[in-house]
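Colleague: Structure below; questions to follow.
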Amino acid sequence: MYILTVAGKENDGAYSVKDIEGNQILYLFVEEDDATRYAMMLEEDQDYPEMNVIEVEDEVMIKTCETHDYNYTVITSDDIVIPPNIEHDFI
């Protein structure tokens, strides 16, 4: 799996989005290409700083999210996600 971080600030947290209820959702991408495309959309369309795609171990990342009560979603190659026009944050 892959997560997104701001380049140079990998230790400061991972990219997440707020859902309509205000909950932070961490995106876990199954495919590196999908994570890279999403990062490019953030940088080009949303004026984000340069993003890095970081590979993480599936089970470890999911267990970490569940242990710390972080919301997450797994983005597969069958999913279509575009950057939201709402606030973002890092967890």
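Colleague: Looking only at residues that are open to solvent by 50 Å² or more (accessible area, probe 1.4 Å) and of a type in the set (A, V, I, L, M, F, W, C) in the stretch 1-39, which one is farthest from VAL56 (Cα to Cα)?
Modeller: Among residues in the stretch 1-39 that are open to solvent by 50 Å² or more (accessible area, probe 1.4 Å) and of a type in the set (A, V, I, L, M, F, W, C), the one farthest from VAL56 (Cα to Cα) is ILE20.
Colleague: Follow-up. Do you know which residues across the stretch 1-39 are among the β-branched types (Val, Ile, Thr) and part of a helix (DSSP H, G or I)?
Modeller: Selection gives THR36 alone.
Colleague: Taking the stretch 53-76 as the region of interest, how many residues are more than 12 Å from ILE25 (Cα to Cα) and in contact with a helix residue (DSSP H, G or I) (Cβ under 6 Å, 6 or more places away or on another chain)?
Modeller: Looking only at that region, the number is 1.
Residue-wise test of (1) touching a helix residue (DSSP H, G or I) at 6+ places or on another chain (Cβ under 7 Å); (2) modelled with pLDDT of 95 or more; (3) among the hydroxyl-bearing types (Ser, Thr, Tyr).
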{"position": "ASP19", "(1), (2), (3)": "no, no, no"}
{"position": "GLU31", "(1), (2), (3)": "no, yes, no"}
{"position": "LEU42", "(1), (2), (3)": "no, no, no"}
{"position": "PHE90", "(1), (2), (3)": "yes, no, no"}
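Colleague: So TYR48 fits all but one of (1) assigned to a helix (DSSP H, G or I); (2) buried (at least 16 other Cβ atoms within 10 Å of the Cβ); (3) not hydrophobic (A, V, I, L, M, F, W, C); what number is the exception?
Modeller: (1)
Colleague: Here's another thing I want to ask about it. Failed condition for LEU42, given (1) surrounded by fewer than 17 Cβ atoms within 10 Å (Cβ to Cβ); (2) of a type in the set (A, V, I, L, M); (3) in a helix (DSSP H, G or I), with all others met?
Modeller: (1)
Colleague: Among the listed residues ILE82, ILE54, ILE62, which satisfies the condition of being open to solvent by 100 Å² or more (accessible area, probe 1.4 Å), in contact (Cβ under 8 Å) with a residue 12 or more places away in the chain and either assigned to a loop (DSSP other than H, G, I, E, B) or within 16 Å of TYR2 (Cα to Cα) (or both)?
Modeller: From the options ILE82, ILE54, ILE62, the qualifying one is ILE82.
The values are calculated or read from the model by the stated rules, or taken from the named source; none is laboratory data. Quick caveat, the model's predicted, so the values are computed rather than measured. Here the Cβ is made from the backbone with ideal geometry for all residues, glycine too, and neighbour counts use every protein chain on show. Calculation scope for accessible area: heavy atoms of the full protein, side chains included, ligands and nucleic acids excluded. Shrake-Rupley method; radii C 1.70, N 1.55, O 1.52, S 1.80 Å.
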